[in-house]
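The values are calculated or read from the model by the stated rules, or taken from the named source; none is laboratory data. From a predicted model like this one, the values you see are computed outputs, not experimental measurements. Quick reminder, even Gly has a Cβ in these numbers, built from the backbone with ideal geometry, and neighbours come from all protein chains shown. These accessible areas exclude ligands, DNA and RNA; they are computed on the full protein's heavy atoms, side chains included. Shrake-Rupley method; radii C 1.70, N 1.55, O 1.52, S 1.80 Å.
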Amino acid sequence: MNEDEDAVNAYMIRLELVDEPGELLRALQPISENGGNLLSIFHERGNITPRGHIPVEVDIEATASQYEAIVEVLQEEGINVIQAGAERYSESVVCILSGHIVDTDLSDTLSRIQEMSNATVTDLSLSAPEGTRNTSSAKLRLAVEEGEVNETVESVRAIADEKDLHLIESLTGGEA
């Protein structure tokens, strides 16, 4: 095994799942059983594919051999793998939204960020010290495709403006 095979990379796997209890868990088991590290799950339960399934995007970290084993087991288990790609995200952006985050539909905000940009939400922290009906703030960590940071921040800014949220933007890089 050479050094490249031991390197841990980020991978994206897009699945279509049957809308039945336990299907998401069944799809995630091969990741943990083969040494993958789960970064994020984007589960679009409200959307249905033309085949009547639920689209799910899973971002993981794994070595190349772990990744190949994960995809192979998913396919062997009859889980519909629509797309599997290596190292889609190579940059990180942290931003903070403030305002009536919950009342303006946090789930919609997150979905739209992922739809409008080449990014995925890898971490979310919500603070609502006076309850969710009052002003709250959310810290978002976004994994972004290389060279797409500015476009991603523009997308988040447009969504924030539309929902009358304040954006503290572009704390780039890892820790914030």
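Estimated from helices alone, the mean residue ellipticity of the chain at 222 nm is -9000 deg cm²/dmol (sum of -39500 (n - 2.57) over DSSP H runs with n ≥ 4, per residue). For the chain, with all protein chains in place and a probe radius of 1.4 Å, 45% of the accessible heavy-atom surface sits on carbon or sulfur.
Out of 147, 99, 22, any idea which swings most in a Gaussian network model of the chain, alpha carbons joined below 10 Å? Largest GNM mean-square fluctuation: 22. Loop-located GluC sites (Glu not before Pro) across the stretch 48-141 with a Cβ neighbour count of 15 or fewer within 10 Å are 77, 87, 130, with loop assigned by DSSP. Averaging Cα coordinates gives a centre for the stretch 98-176 and one for the stretch 6-68; these two points are 23 Å apart. Any idea how far apart residue 130 and residue 154 come out in nm if each label point goes 7 Å out from Cα toward Cβ? So the label points at residue 130 and residue 154 sit 3.5 nm apart. Note that the chain presents 54 Å² accessible area per residue, ligands and nucleic acids not counted, probe 1.4 Å.
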